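Asker: Handing you a structure now.
The values are calculated or read from the model by the stated rules, or taken from the named source; none is laboratory data. The model shown is predicted, which means the values in this text are computed figures rather than measured ones. Methodologically, a virtual Cβ is constructed for each residue, glycine included, from the backbone with ideal geometry; neighbour enumeration extends over all protein chains shown. Areas reflect the complete protein model, heavy atoms only, side chains present, ligands, DNA and RNA absent. Shrake-Rupley method; radii C 1.70, N 1.55, O 1.52, S 1.80 Å.
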Amino acid sequence: MRQVEVAIEKLANGGAGFGRCDGKAFFVPFTAPGDVARVRITCEKRSYAEGELIELVSSSALRVKPPCPVFGICGGCNWQHMEYSSQIREKTQIFADLLWRAARISPETLLPLLRAPDPYGYRSRVQLKVNCQGGKTRLGFYRPKSHQVVDIPGHCAITHKSINDTLESLRLLLEGCPDPGNINQIDIARGDDESISVIVNYAGASVAEVSEYLLQYREISDLIGSMFVRHKNSTTSIFGTEHLSYRIRGNMLPGGSEKTLFFSKDAFSQINYQQNMQLISVVSDFAALTGKEKVLDLYCGNGNFSIPLADRAAHVTGFEGYEPSIADARKNAEWNGVTNISFHCSDSLAAVKKLAAAGETFDVVVLDPPRNGAAEVMHHIQALDADRIIYVSCDPATLARDLDILKKKSFQVISIQGVDMFPQTYHLESVTLLTKS
C-alpha cells in the first residue's frame, strides 16, 4: 500500500488521530494532534482512508513517553502517548462534536469532565487472552484487529496492582496445566478489599482433569481468593467464595449510610471503583430526591444505583434481565437493611411495556443500558410519566441516538456529566439529565 504524509489535527471517536490528505479524511491510530506522520494506507474509500503510523516526521508537543513497553502493539490502550490533560480535552471535544452532529445537543449542556484521580492502575476487572504454544505462555490483550496475543511485560500499566501481583503466579499455573492449548482466556476481578477472583475459560474435553489441577494449586490463594472454571455455558467453583464486594462511603451522598455491595463471578461491575463513586454521586445529584419519589431503575445490575438512591426515595423498583445480578441486588438490599426497594428479573423493554399497561408511573427513571443503548425502551418510556430521566451511558454514539429519540418525545436535555472511567483510552462514561419539556 502507498504511503502519505498526514498532519494530525485532532483525535476522533474510536481513538485514532484525524487529519486530511489528498482531499480525504485520514484516521491514524497512536498519533496526537500536532503530529506530522508518515502513514501506510491500510484501507482507502472514496471520502476517507485509514492508515498505520510508520514514523513521525515531526512530533506533537502533547506527546509523552508511554510507561508500557508494548503500547502501540497491545490493544489494551489507545492514548498512553498523550499527557492526561490533553486526553481530557480531546475526549470532551469528541463527545461534544458527536452529540451535536447526531442529536443537535448544545455543547453548553456538557459539564466539565470528571477526571480520574489515578489515570493508571485503575482497572479492577480484566479479561486476558491466553496463548500457549511451543512451551511459551502469552498472557495479555489482542494486538489491534487481530487474534495475536501480546504478552504483558511484567505488569499492565492500567490494571490495579493487586491484579498485577497475581500475573506471574497465573503464568506458572498455565504452564503446568493439563491441556493448556484449550485455555483461551482468564478473567480476573478484585474487590476493594483486595480479594481476587479468577475464572479460567477452558474449551477442551478434560474439564475434570483441569479442575483437579487447579484445586491442587490452591497454595497461591494468599494472592487469589477464589477460582472457577468456565466451560461452555457453565461455571464451576474450584475454591473460594462466589462474590466480591465494594464499599460505598457513608459521607458520599447527603443523608446516606455506608453500604457494601456484592457482585457474583459472572455478573457485571464497574472496572474503576474510584470513578464509580463519582458516577453514583452524579446520579444522586441529578435525581434530586426529597424522600417522596418513586424511582425506577432499568438495567439495575446488582443495585449499584438503586440501593444508594433508596436512602432518599419513597420506593425504588429495579429491573434487570440477568438473573445472577438480580440475585446479587436482592442480597445487597437485605445485607444493607434496605426495605423500600424491590427487584425483578425482566428485560427492560418488557418491563416498561408491562408497567405502562398497568398504569404505573414514576417520578424518576434511571437507566444504565449496555453499549448498544436502549432505543426501543426510549420509544415507550414516556408512558411512565416521569418528571426526570437519568441516562447513564458507556457509549456516546448510542447515547446520542437515544437522546434524539427522547427529544422527539418532548424531553429536554438539561445537563450531561462525563466521567472518565477509562483513562488512556477513548472510552467515556456519562450521565445525562432530561426533564419534560
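Asker: For region 72-103: of the residues being without any contact (Cβ under 8 Å) to a residue 40 or more places away in the chain and either part of a loop (DSSP other than H, G, I, E, B) or among the aromatic types (Phe, Trp, Tyr) (or both), which is least open to solvent (accessible area, probe 1.4 Å)?
Answerer: Filtering region 72-103 for residues that are without any contact (Cβ under 8 Å) to a residue 40 or more places away in the chain and either part of a loop (DSSP other than H, G, I, E, B) or among the aromatic types (Phe, Trp, Tyr) (or both), the one least open to solvent (accessible area, probe 1.4 Å) comes out as GLU83.
Asker: Could you tell me whether any residue of region 166-177 is in a loop (DSSP other than H, G, I, E, B), over 27 Å from the mean Cα position of the chain (by Cα), crowded, with 16+ Cβ neighbours inside 10 Å and not β-branched (Val, Ile, Thr)?
Answerer: Scanning region 166-177 turns up at least one residue that is in a loop (DSSP other than H, G, I, E, B), over 27 Å from the mean Cα position of the chain (by Cα), crowded, with 16+ Cβ neighbours inside 10 Å and not β-branched (Val, Ile, Thr).
Asker: Continuing with this model, one more query. Of the numbered conditions (1) in a helix (DSSP H, G or I); (2) among the hydrophobic types (A, V, I, L, M, F, W, C); (3) within 25 Å of the chain's Cα centre (by Cα); (4) closer than 24 Å to ASN332 by Cβ, VAL431 satisfies every one except a single condition; which is it?
Answerer: All conditions are met except number (1).
Asker: Pick out the one residue from PRO67, PRO117 that is under 24 Å from the mean Cα position of the chain (by Cα), farther than 23 Å from PRO396 by Cα and outside any strand (DSSP E or B).
Answerer: Step by step, each of PRO67, PRO117 is checked, and only PRO67 is under 24 Å from the mean Cα position of the chain (by Cα), farther than 23 Å from PRO396 by Cα and outside any strand (DSSP E or B).
Asker: Right, another one. Which of the residues spanning region 126-147 are closer than 23 Å to GLY72 by Cβ and loosely packed, with under 14 Cβ neighbours inside 10 Å?
Answerer: GLN127, LYS136, LYS145, SER146, HIS147
Asker: Can you pull out the residues in region 295-326 that are part of a helix (DSSP H, G or I) and open to solvent by less than 50 Å² (accessible area, probe 1.4 Å)?
Answerer: SER306, ILE307, PRO308, LEU309, ALA310, PRO324, SER325, ILE326, listed by residue number.
Asker: Consider ASN182 carefully, then state whether it is over 26 Å from the mean Cα position of the chain (by Cα) and either buried (at least 17 other Cβ atoms within 10 Å of the Cβ) or within 30 Å of ARG312 (Cα to Cα) (or both).
Answerer: Against the criterion (over 26 Å from the mean Cα position of the chain (by Cα) and either buried (at least 17 other Cβ atoms within 10 Å of the Cβ) or within 30 Å of ARG312 (Cα to Cα) (or both)), ASN182 qualifies.
Asker: How many residues, within region 211-240, are of a type in the set (D, E, K, R), part of a helix (DSSP H, G or I) and modelled with pLDDT under 90?
Answerer: Within region 211-240, residues that are of a type in the set (D, E, K, R), part of a helix (DSSP H, G or I) and modelled with pLDDT under 90 number 2.
Asker: Same structure again: Which of the residues that make up region 354-375 are outside any loop (DSSP other than H, G, I, E, B) and either surrounded by 16 or more Cβ atoms within 10 Å (Cβ to Cβ) or β-branched (Val, Ile, Thr) (or both)?
Answerer: LEU355, ALA356, VAL364, VAL365, VAL366, LEU367
Asker: Let me ask something additional. Name the residues in region 212-248 that are exposed (fewer than 13 other Cβ atoms within 10 Å of the Cβ) and either within 29 Å of THR290 (Cα to Cα) or among the hydroxyl-bearing types (Ser, Thr, Tyr) (or both), would you?
Answerer: Matches in region 212-248: SER234 only.
Asker: Considering GLN424, GLN417, which residue is closer than 30 Å to SER124 by Cβ, open to solvent by 10 Å² or more (accessible area, probe 1.4 Å) and touching a helix residue (DSSP H, G or I) at 6+ places or on another chain (Cβ under 9 Å)?
Answerer: It is GLN417.
Asker: Next question, about the same structure. Of all residues in region 384-399, which are in contact with a Gly (Cβ under 9 Å, 6 or more places away or on another chain) and among the small types (Gly, Ala, Ser)?
Answerer: SER393, ALA397, listed by residue number.
Asker: So which residues in region 148-165 are assigned to a loop (DSSP other than H, G, I, E, B) and open to solvent by less than 30 Å² (accessible area, probe 1.4 Å), if there are any at all?
Answerer: Scanning region 148-165 gives ILE152, CYS156, ALA157, ILE158.
Asker: Moving to a separate point now. Being more than 15 Å from ASN276 (Cβ to Cβ), assigned to a loop (DSSP other than H, G, I, E, B) and touching a residue at least 40 places away in the same chain (Cβ under 8 Å) is the filter here, so list the residues in region 242-255 that pass it.
Answerer: Answer for region 242-255, where residues must be more than 15 Å from ASN276 (Cβ to Cβ), assigned to a loop (DSSP other than H, G, I, E, B) and touching a residue at least 40 places away in the same chain (Cβ under 8 Å): PRO254, GLY255.
Asker: Can you give me the number of residues within region 256-277 that are assigned to a strand (DSSP E or B) and either among the basic types (Lys, Arg) or open to solvent by less than 30 Å² (accessible area, probe 1.4 Å) (or both)?
Answerer: 4
Asker: Quick test for you: out of PHE30, PHE18, PHE26, pick the one residue that is assigned to a loop (DSSP other than H, G, I, E, B) and either open to solvent by 30 Å² or more (accessible area, probe 1.4 Å) or touching a strand residue (DSSP E or B) at 6+ places or on another chain (Cβ under 6 Å) (or both).
Answerer: Being assigned to a loop (DSSP other than H, G, I, E, B) and either open to solvent by 30 Å² or more (accessible area, probe 1.4 Å) or touching a strand residue (DSSP E or B) at 6+ places or on another chain (Cβ under 6 Å) (or both) holds for just one of PHE30, PHE18, PHE26, which is PHE30.
Asker: Follow-up question, since we're still on this one. Of the residues LEU367, LEU384, only one is of a type in the set (A, V, I, L, M, F, W, C) and more than 24 Å from the chain's Cα centre (by Cα); which?
Answerer: LEU384
Asker: Next up: State all residues of region 337-353 that are free of Cβ contacts under 8 Å to residues at least 12 places away in the same chain and either part of a loop (DSSP other than H, G, I, E, B) or open to solvent by less than 20 Å² (accessible area, probe 1.4 Å) (or both); if no residue qualifies, say none.
Answerer: Result: GLY337, THR339.
Asker: Looking only at region 185-211, filter to residues that are over 21 Å from SER269 (Cβ atoms) and of a type in the set (A, V, I, L, M); which one of those is least open to solvent (accessible area, probe 1.4 Å)?
Answerer: Residue satisfying both the conditions and the ranking: VAL210.
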